[in-house]
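A.B. asks: Next up is a structure, given as structure tokens.
The numbers here are math on the coordinates, done by the rules we state, and not lab data. Please read these numbers as outputs of a predicted model, since none were measured by experiment. Note that we place each Cβ from the backbone using ideal geometry, even for glycine, and neighbour counts take in every protein chain shown.
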Amino acid sequence: MATGNPVPLSASVMYDNLAMTTATEIHGTCGSRFAAVRDAFAENFAGRGEIGAAVTAVVDGETAVDLWAGHADAARTRPWQRDTIVNVFSTTKGIVTVCAHRLAGQGLLEFDAPVAKYWPEFAQAGKEELPVRYLLSHRAGLPAIREPLAKGSLYRWETMTAALAAQEPWWQPGTTYGYHALTFGWLVGEVIRRIAGKSLGAYFRDEIAGPLALDLHIGLAEEHDARTAEIVQAAAPRPEEVARLAQLMADPRSMALKAIANPPGLFEPGVANTRAWRAAEIPAANGHGNARSLARLYGALARGGELDGVRVLGADTIDRAIVEQSSGPDAVLGQNYRYGLGFMLTLPEHPFGPNPRAFGHTGMGGAIGFADLDAGVGFAYTMNQMGTFSGLEDPRWPPLVEALYAAL
């Protein structure tokens, strides 16, 4: 549990319409103990090129920090509001993981059972005995689809799941791991769909988002477009990123390139701001929400799975979810990660705070949500300015986390 007493909202300092020396106004509430978090958040706008963002920290079930600032569009004509939501990219994988563990906790999903037990069509190309746990731990050997897919396949659930059911693994399942950047969502999501009898987005809405009052969506209705922030691409990649992309492009048949470029369309300019992207269920990459809701979800997990009388997961289920399954450089993109059953686990070089039982997921561009069982903390950061770093290396959220823990 966190040291000291958490500051209730009644003791928070209001920052709405408080002009900073940088001319960026910080809005929201922040416990007086956590003023350094507010200062670090302001520095993201003053010195780190942020356009619009939000940060929330839930400590022992109480919201200690809930701030937002900046603009929801590249032209800086729409202020970022309390209810602004944004695409959180791979942070969505953490949401998918919670759904899978909820089914497991209810006895409806067994991680050591073959995927084909729930999804019979998956029993092709040598995958008859491939266990569910390999899907969640990125060990299934299915990060990419070999056969070229037609444009638009990205938005067609049945096209993607049929292609994955037919795909032969790129490596012997279980022998190594590689980041399933896009396929994770369709693989785990289809297992959930087969068990629940409804789409992943609908299952999450009915079972978790609704009861916990979360403004998180996988498959965003058009009615929310007006309050959705515009994703702003990074101005220019770093030289090492250019070199890495050139290496991927050198072999158009490679697993690594197909993992991010088949189906086509993911990297078309502005794709994340289209109605097609927002409406589809692409559970590895296109969840939409805000820091408040992500932190609330992880805040529930940080307290053993329950918040405000709503039980999301059991404590034993969470303990099982964060047992390390994969670590080291992954076989697809070469990034250094640690994974439990779906969740990213904290790394010494890129920690989710100072404690060993911290877990969650980052997203391309800079979003993050995580829980810390030792401190009782749920933390999230969301933004619309895409960074040029991987989620673990992004320079914007670590200072916020450091300031938060210094106040505990």
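A.B. asks: Let me know the volume per residue of the alpha-carbon convex hull for the chain, in Å³.
C.D. replies: Cα-based convex hull of the chain, divided per residue, equals 126 Å³.
A.B. asks: Now for a different question. Which one of 119, 49, 103 is farthest out on the positive end of the charge dipole of the chain, using unit charges on Cβ (Lys, Arg +1; Asp, Glu -1) and the Cα centre as origin?
C.D. replies: 119
A.B. asks: Given Cβ point charges of +1 (Lys, Arg) and -1 (Asp, Glu) and nothing else, what value in debye, to the nearest 20, does the dipole of the chain about its Cα centre take?
C.D. replies: Rounded to the nearest 20 debye, it is 460 debye.
A.B. asks: Can you pull the three principal axis extents for the Cα set of segment 306-408, in Å, largest first?
C.D. replies: 40, 33, 24 Å, listed from the longest principal axis down.
A.B. asks: Please check: in the Gaussian network model of the chain (C-alpha springs, under 10 Å), which one of 253, 303, 357 has the largest mean-square fluctuation.
C.D. replies: 253
A.B. asks: Then there's this: For helix 183-196, what angle does its Cα long axis make with the longest principal axis of the chain, in degrees from 0 to 90 and rounded to 10?
C.D. replies: The helix 183-196 is inclined about 80 degrees to the chain.
A.B. asks: Considering only DSSP states other than H, G, I, E and B, which GluC sites (Glu not before Pro) in segment 264-340 qualify as loop sites with at most 14 other Cβ atoms within 10 Å?
C.D. replies: 324
A.B. asks: Taking Cα atoms, how many degrees apart are the long axis of helix 397-406 and the longest axis of the chain, rounded to 10 and kept between 0 and 90?
C.D. replies: Taking the Cα atoms of the chain, the angle to 397-406 is about 60 degrees.
A.B. asks: So how do 27, 361 line up by other beta-carbon neighbours within 10 Å, fewest first? All intermediate terms of the calculation are to be shown ahead of the outcome.
C.D. replies: Working: 27 19, 361 26.
Going from least to most buried by this count: 27, 361.
A.B. asks: Still on this model: Pull out the extension gain between residue 171 and residue 226, defined as 0.36 nm times the separation in residues minus the alpha carbon to alpha carbon distance; nm, one decimal.
C.D. replies: Here the segment from residue 171 to residue 226 would lengthen by 15.4 nm.
A.B. asks: Given the chain, what percent of its DSSP beta bridges are antiparallel, to the nearest 5?
C.D. replies: Bridges in the chain that DSSP calls antiparallel: roughly 95 percent.
A.B. asks: Treating the angle as unsigned and between 0 and 90°, give the value, to the nearest 10°, between the Cα long axis of helix 157-166 and the longest Cα principal axis of the chain.
C.D. replies: 50
A.B. asks: Continuing with the same structure: Okay, helix-only estimate at 222 nm for the chain: each DSSP H run of n ≥ 4 adds -39500 (n - 2.57), divide by all residues, round to 500 deg cm²/dmol; what do you get?
C.D. replies: Value at 222 nm, helices only: -8000 deg cm²/dmol.
A.B. asks: So what is log10(I(q)/I(0)) for segment 47-124 at q = 0.25 1/Å, when the Debye sum runs over its Cα atoms only?
C.D. replies: The Cα Debye sum returns log10 ratios of -1.25.
A.B. asks: Once you list every other residue whose beta carbon is under 13 Å from the beta carbon of residue 46, what net charge do they have if Lys and Arg are +1 and Asp and Glu are -1?
C.D. replies: -1
A.B. asks: Sort 225, 73 so the one with the fewest other Cβ atoms within 10 Å of its own Cβ comes first.
C.D. replies: 225, 73
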